1. What are the pairs, 6+ residues apart or on separate chains, where a residue within the stretch 380-391 that is without any contact (Cβ under 8 Å) to a residue 60 or more places away in the chain has its Cβ under 6 Å from a residue that is among the aromatic types (Phe, Trp, Tyr) and near ligand 2 (Cβ under 7 Å from one of its atoms)?
2. Scan (1) open to solvent by less than 20 Å² (accessible area, probe 1.4 Å); (2) in a loop (DSSP other than H, G, I, E, B); (3) away from ligand 2 (no atom under 16 Å from the Cβ); (4) in contact (Cβ under 8 Å) with a residue 40 or more places away in the chain for the single condition His126 breaks and write down its number.
3. Residue by residue through the stretch 141-185, note down the ones that are assigned to a loop (DSSP other than H, G, I, E, B), more than 12 Å from the chain's Cα centre (by Cα), within 13 Å of ligand 1 (Cβ to nearest atom) and farther than 24 Å from Ala70 by Cα.
4. Among the residues of the stretch 313-356, write down those that are free of Cβ contacts under 8 Å to residues at least 24 places away in the same chain and part of a loop (DSSP other than H, G, I, E, B).
5. Of all residues in the stretch 445-493, count the ones that are assigned to a helix (DSSP H, G or I), open to solvent by less than 40 Å² (accessible area, probe 1.4 Å) and out of contact with any helix residue (DSSP H, G or I) (no Cβ under 8 Å at 6 or more places or on another chain).
6. Here are Thr59, Thr145: which of them is surrounded by fewer than 22 Cβ atoms within 10 Å (Cβ to Cβ), in contact (Cβ under 8 Å) with a residue 40 or more places away in the chain and outside the structural domain of Ala293 (by TED's automatic domain parsing)?
7. Within the stretch 95-116, does at least one residue satisfy the condition of being hydroxyl-bearing (Ser, Thr, Tyr) and either within 16 Å of ligand 2 (Cβ to nearest atom) or farther than 22 Å from Leu223 by Cβ (or both)?
Amino acid sequence: MIMQYYLTMLVCVLLLLTGCDNNSSPQVDAHIPTNSSAPVLRSGMDVALGQLIQRQQLTGDPLKGRELPAIGAPLAQLGMQLFFSKTLSGNLDVACASCHHPLLGGGDNLSLSIGVDAEDPDVLGHKRLLQGNRSPGVPRNAPTTFNIGLWQHFMFHDGRVEKTSSGIHTPDVAYPDTDPNAGGNLVQAQARFPVTSNHEMRGESFDAGGTPQSCREPLAERLGGYGKTGTPLEARESARWLAAFREAYGKPDAAASELITEQNISAALAEYERSQVFLNNPWKSYVEGKLDAISSQAKQGALLFFRNHDEGGFACASCHSGDFFTDEQFRNVLMPPIGPGNGKPDKDAQQDYGRWQVTGKPEDKFRFRTPTLLNVEVTGPWGHNGAYTSLGNMVEHMLNPFQSALHYNTAQLKQPNIQTGQYQQNLREMLGENTDIAGHSYKQEDVQNLVAFLQTLTDPCVTSQICMSKWIPPEDHGRQDSQGLQLNARFAP
Ligand code: HEC
Ligand code: HEC
């Protein structure tokens, strides 16, 4: 006991932690079940972190009783087939999984996504290239679909799909009206949009010049082999989909035109996506009382993350708050302006005005949604346009955004031909607006500690091919898939 006491005091003195006081005898954590092996000594760092965890009201469990579907549920299974099928794209060449693959952190490992016109549509990862070595047309980084069912208010980097007390707003209606066709939840509302985007899935020729809705309906008709949409699938393929929809919706006799609708397609996609719950990370175990679940370096990083500036920390949790590590608010944090930009209001500007494009409010210029940090280790490149290709560089940006944007090194971009020509002028324009974050001086050690902390937010399932296989349809599905329209991704080494 005496030894332990001196050990604790030594740790306290070394770390100069405020949480250690003179009568702190070694504490054994109360949450540890009595049948667990040797109790773990609570260090000064644990005491300080315990106080911060309390102050932030963290439980480690962002689900908080919310019910999300299991991957085995019939609708989620149908959604998985759809998510991996190229039939939802105009030219039968892109699936949702082309940009949101479970083995790539629910994203695509690219700074800026490549949908239509890929050199080889089945190649994913950093070797996925556009035909003719063109510059990317998709202006933003594909966010992860992992834990997507936990967002309460917004989808997309600019929140253009939004849930309010009166319903769900989407880009199909004027802001902030609600869209009567949005579907039952935010994820379904979002799932109706990628198929309407020329660069992502539609291409230039399918339903050319149409509206979003005039694109969704023929896609559904083509899948179900009804209606008069051109280039129909083989009858065998449509029959297979009809059987799958009948089973998932429990309507064995329903006709294709009744079952294979854009609403039922997006509802199934959403159930599959919402089943991607990956929360069992070491940090959660730590918050629940398993003191040795994370390293002491990660604990140092956590202290920096949660402490305020006057306590020697960086107050990251002032925006990345709660167990989901986001306040779902929009901020201008000076992300380096790379890529083609969003085309509004000037398509040649290569500038992305973020939230402002949705609300038109001047203060929203260059604001983007605070991302969750769960599984952040596997969801790079980082930032709304994938400007940072290492987590360390991304963290350095958050520590001192102005310096980092000013000295941004485009050589870190692994993808060829990303537009950077108007960088300086675009950055100047960004600096002329309100920024929502100040810079701080920091040490390299702080960066390493913060990265070590962020790595504790990774659920081991997401790095295990075996664990993830439940979310990937078996390749031999292809045997029934007569037209080879299931995406069986190839990952370049
Ligand atoms: C070409 C690549 C590409 C394809 C194909 C694609 N997405 Fe995405 N996805 C993106 C990008 C890029 C964004 C971010 C766009 C933005 O915020 O403006 C995004 C955003 C999302 C989001 C919002 C995530 C969040 O955190 O708000 C979800 C969910 C999603 N996609 C699901 C899907 C589904 C379902 C499909 C198929 C119907 C699909 N995506 C097809 C690239 C793609
Ligand atoms: C003022 C609010 C705010 C603070 C404080 C803040 N962040 Fe962020 N963070 C954001 C926003 C907003 C983004 C997304 C910006 C974008 O994409 O344009 C972001 C992006 C990130 C990303 C990239 C995530 C991804 O999926 O691309 C990481 C990692 C990150 N922040 C870590 C941190 C760390 C570590 C700290 C503390 C040193 C911190 N943040 C402080 C708002 C904040």
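The values are calculated or read from the model by the stated rules, or taken from the named source; none is laboratory data. Since the model is a prediction, treat every value here as computed from it, not as a measurement. Cβ: placed from backbone, ideal geometry, glycine included. Neighbour counts: every protein chain shown. We work out accessible area using only protein heavy atoms, side chains counted, and drop any ligands, DNA or RNA first. Shrake-Rupley method; radii C 1.70, N 1.55, O 1.52, S 1.80 Å.
1. As it stands, the answer is Tyr388/Trp382, since those pairs meet every condition given.
2. Against the list (1) open to solvent by less than 20 Å² (accessible area, probe 1.4 Å); (2) in a loop (DSSP other than H, G, I, E, B); (3) away from ligand 2 (no atom under 16 Å from the Cβ); (4) in contact (Cβ under 8 Å) with a residue 40 or more places away in the chain, His126 comes up short only on (1).
3. First pass over the stretch 141-185, keeping only residues assigned to a loop (DSSP other than H, G, I, E, B): 141-147, 151-153, 156-160, 165-166, 170-185.
Of the ones still in play, those that are also more than 12 Å from the chain's Cα centre (by Cα) are 152-153, 158-160, 165-166, 170-185.
Next, from what is left, pick out any that are within 13 Å of ligand 1 (Cβ to nearest atom): 152-153, 158-160, 170-171, 183, 185.
Across the stretch 141-185, the qualifying residues are Asp158, Gly159, Arg160, Thr170, Pro171.
4. Gly313, Ala315, Lys344, Pro345, Asp346, Lys347, Asp348, Tyr353
5. Residues flagged as assigned to a helix (DSSP H, G or I), open to solvent by less than 40 Å² (accessible area, probe 1.4 Å) and out of contact with any helix residue (DSSP H, G or I) (no Cβ under 8 Å at 6 or more places or on another chain) within the stretch 445-493 amount to 1.
6. Values: Thr145 fails: surrounded by fewer than 22 Cβ atoms within 10 Å (Cβ to Cβ).
Thr59 is the lone residue from the list that is surrounded by fewer than 22 Cβ atoms within 10 Å (Cβ to Cβ), in contact (Cβ under 8 Å) with a residue 40 or more places away in the chain and outside the structural domain of Ala293 (by TED's automatic domain parsing).
7. Just the residues of the stretch 95-116 that are hydroxyl-bearing (Ser, Thr, Tyr), to begin with: 98, 111, 113.
If we keep only those that are either within 16 Å of ligand 2 (Cβ to nearest atom) or farther than 22 Å from Leu223 by Cβ (or both) too, we end up with 111, 113.
Yes.
Here is a yes/no grid of residues against (1) under 20 Å from the mean Cα position of the chain (by Cα); (2) within 25 Å of Gln412 (Cα to Cα); (3) of a type outside the set (A, V, I, L, M):
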{"site": "Ala76", "(1), (2), (3)": "yes, no, no"}
{"site": "Ser85", "(1), (2), (3)": "no, no, yes"}
{"site": "Ser89", "(1), (2), (3)": "no, no, yes"}
{"site": "Ala95", "(1), (2), (3)": "yes, no, no"}
{"site": "Leu103", "(1), (2), (3)": "yes, yes, no"}
{"site": "Gly115", "(1), (2), (3)": "yes, yes, yes"}
{"site": "Glu119", "(1), (2), (3)": "no, yes, yes"}
{"site": "Arg128", "(1), (2), (3)": "yes, yes, yes"}
{"site": "Gln131", "(1), (2), (3)": "no, yes, yes"}
